[in-house]
1. For the chain, set up a GNM with springs between Cα atoms under 10 Å and report which of Ala45, Ala58, Ala68 has the largest fluctuation.
2. What is the local net charge at Leu27, summed over the other residues whose Cβ is closer than 9 Å to its Cβ (Lys, Arg +1; Asp, Glu -1)?
3. Using the heavy atoms of the protein chains alone and a 1.4 angstrom probe, what is the accessible area of region 1-69 per residue in square angstrom?
4. Distance between Cα centroids, region 84-146 to region 33-82: provide it in whole Å.
5. Test of understanding: what is the full-extension gain from Lys40 to Tyr2, defined as 0.36 nm times their sequence separation minus their Cα-Cα distance?
6. Which pairs in the list Lys22/Lys81; Lys36/Lys119; Lys36/Lys81; Lys40/Lys81 are over 22 Å apart, alpha-carbon to alpha-carbon?
7. Considering the Cα trace of region 16-62, what is its radius of gyration and what is Dmax, both in angstroms?
8. Starting from the Kirkwood radius over alpha-carbon pairs of region 40-81, derive D by Stokes-Einstein at 25 °C in a medium of 0.890 mPa s and give it in µm² s⁻¹.
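The values are calculated or read from the model by the stated rules, or taken from the named source; none is laboratory data. Just so it is clear, the model here is predicted, and its values are computed rather than measured. A quick note on method: Cβ atoms are made from the backbone with ideal geometry, for glycine too, and the neighbour counts reach across all protein chains shown. To get the accessible areas, we keep the full protein, side chains included, count just its heavy atoms, and leave off ligands, DNA and RNA. Shrake-Rupley method; radii C 1.70, N 1.55, O 1.52, S 1.80 Å.
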Amino acid sequence: KYVYAANADNILALDNSDSSIKASPGLYALDIKAGKVIWKTPSPACGEKNCLIGNSAAPAVIPGIVFAGGLDGHMRAYSTKDGKIIWDFDTRKEYETVDGIKGKGGAIDGPAPVISDGKLFVNSGYGMFGQTSGNVLLCFEASSKK
């Protein structure tokens, strides 16, 4: 019924000759038959120097949840009902890895996260176009523990 689209409008790349065009980075739910925006959730502000906002990576969907990675390194879960952010994880940090190689998260861009067997796999670290580089594949598992 709906298609979910990421938007990484970069204010530096917009055509300034038309003042009616404004950056609108975030995640969108679109009704494909009606051609209407059902909801849109703007990308949260970074509050950090040289931090890019926007969702450039393709989103992934399971019933009730859209997973979308941000250029700011956050992996977020959005409610398919209204776009509310229901989970947020900042991947930009160092990790202890299973093979002992130094791991570091960064920007999330390009491919969608992969969902399989109750797990969410996220590639973090995309160093193109001034984004934060990294080298980790993260695995999240749903848990009822709080």
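1. Ala45
2. On the way: positive: Lys40, Arg76; negative: none.
Around Leu27, the charge tally is +2.
3. On the way: 4330 Å² over 69 residues.
Per residue, region 1-69 has an accessible area of 63 Å².
4. 15
5. Values: separation 38, 0.36 × 38 = 13.68 nm, distance 1.25 nm.
Going from the current span to full extension adds 12.4 nm.
6. Numbers: Lys22/Lys81 26 Å; Lys36/Lys119 32 Å; Lys36/Lys81 15 Å; Lys40/Lys81 11 Å.
Violating the 22 Å Cα-Cα cut-off are Lys22/Lys81; Lys36/Lys119.
7. For region 16-62, the Cα-based Rg and Dmax read 13.6, 41 Å.
8. Numbers: Rh = 10.9 Å.
Calculated translational D: 224 µm²/s.
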